[in-house]
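The values are calculated or read from the model by the stated rules, or taken from the named source; none is laboratory data. Worth saying up front: this structure is predicted, and the values here are computed from it rather than measured. Note: accessible area is taken over every heavy atom of the protein model, side chains too, but ligands, DNA and RNA are not part of it. Shrake-Rupley method; radii C 1.70, N 1.55, O 1.52, S 1.80 Å.
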Amino acid sequence: MTGIVDYNAGNIRSVERALHAIQAPYVVSKNPRELALCSRLIFPGDGDAAYAMSQLKRTGFDSFLADWVASQKQLLGICVGSQVIFEYSEEGDVQCLGFVKGAIRHFSSLWEEEHARKVPHMGWNDLTYVNGSSPLFDGVAEHTDVYFVHSYVIQPEDKTIVKAYVDYGVRVPSCVSFGSVTAFQFHPEKSGSAGLRMLQNFCKDDFARGAASGTNTARSTDTSHGTNISHNASAAPSASTSHDASAPAHCTHGADASHSADTSHGTNISHNASAPAHCTHNASASGSSTPRAGGGQC
């Protein structure tokens, strides 16, 4: 089962919706002990690095995640969760978890003047794979567009851990991988069918076990701890038939895309995973990904 780390600084609901869409079993908890028996963790991040670090320390997730990584268990960081795994962030001038050497720097400190662009980097951008790519990109074509909202940039000391980048006036590391840790600067849960495929790849062991056991889907809530649990042991649907209602509005993939409504924002969203090369995006439409004051990251 996949655990979602809820430390009061993560975009939990959109990750939940994405895992529900691919029928992956998961548990969400604010209590590290309740996640200890999970097979893998998703570590989302929202807001700024200094706030994220304060919440990790307050909840005890800082030491829990350190032990988790030391035990070589799978961890997927998303957005700010991909940044605070490094040693230091300029955002709030804060020391971070230090799982890997490197720093997080603002775009303005990396750009040459003639290459400067708007901050935050918000919208769709296409991935270029490097250094052997990542198994989480299996079934996702290179140069597929994914969704970003960030003002700070991963700068690893070891450049070989970068598995994908995008261009935004400078090369922006967008996926890093080392040991049992993978981290996405972008939001897979908001990146349509391609992002769902990446999450499906991350959870693939659960699907394999579910297919073998042939058990059915069930959903329950641990009301004593406010922990949401979704159990599904059946095989996940093909990414080409999955639709993510949390993806940013006005994103159309292909001419024959089916439609789903994000009722929380009153927007219609269209996706057709069969034609990523023909998708068009409106980078100004951000759905629920409006950047927060003080960080511009989601």
Sequence of LYS30, LYS118, LYS163 when ordered by accessible area, the most exposed leading, probe 1.4 angstrom: LYS118, LYS30, LYS163
Rg/Rh for segment 106-157 to two decimals, with Rh computed the Kirkwood way over all alpha-carbon pairs. 1.02
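Which pairs, out of LYS101/LYS159; LYS57/LYS159; LYS73/LYS204; LYS101/LYS163, put more than 18 Å between their alpha-carbon atoms? Mind showing how you got there, number by number?
Details: LYS101/LYS159 10 Å; LYS57/LYS159 29 Å; LYS73/LYS204 15 Å; LYS101/LYS163 16 Å.
Violating the 18 Å limit, Cα to Cα: LYS57/LYS159.
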How would GLU157, GLU189, GLU90, GLU112 line up by accessible area, probe 1.4 Å, largest first? GLU157, GLU112, GLU90, GLU189
In Å and from the alpha-carbon atoms only, list the Rg and Dmax of segment 73-209. 14.5, 52
Can you list the aspartates and glutamates whose alpha carbon sits under 16 Å from that of LYS190, skipping same-chain ones fewer than 8 residues off? GLU16, ASP46, ASP126, ASP145, ASP244, ASP262
Pull up all non-local amide H partners of THR144: gap of 5 or more, or a different chain, and H-to-H distance under 5 Å with H placed in the peptide plane. LEU127
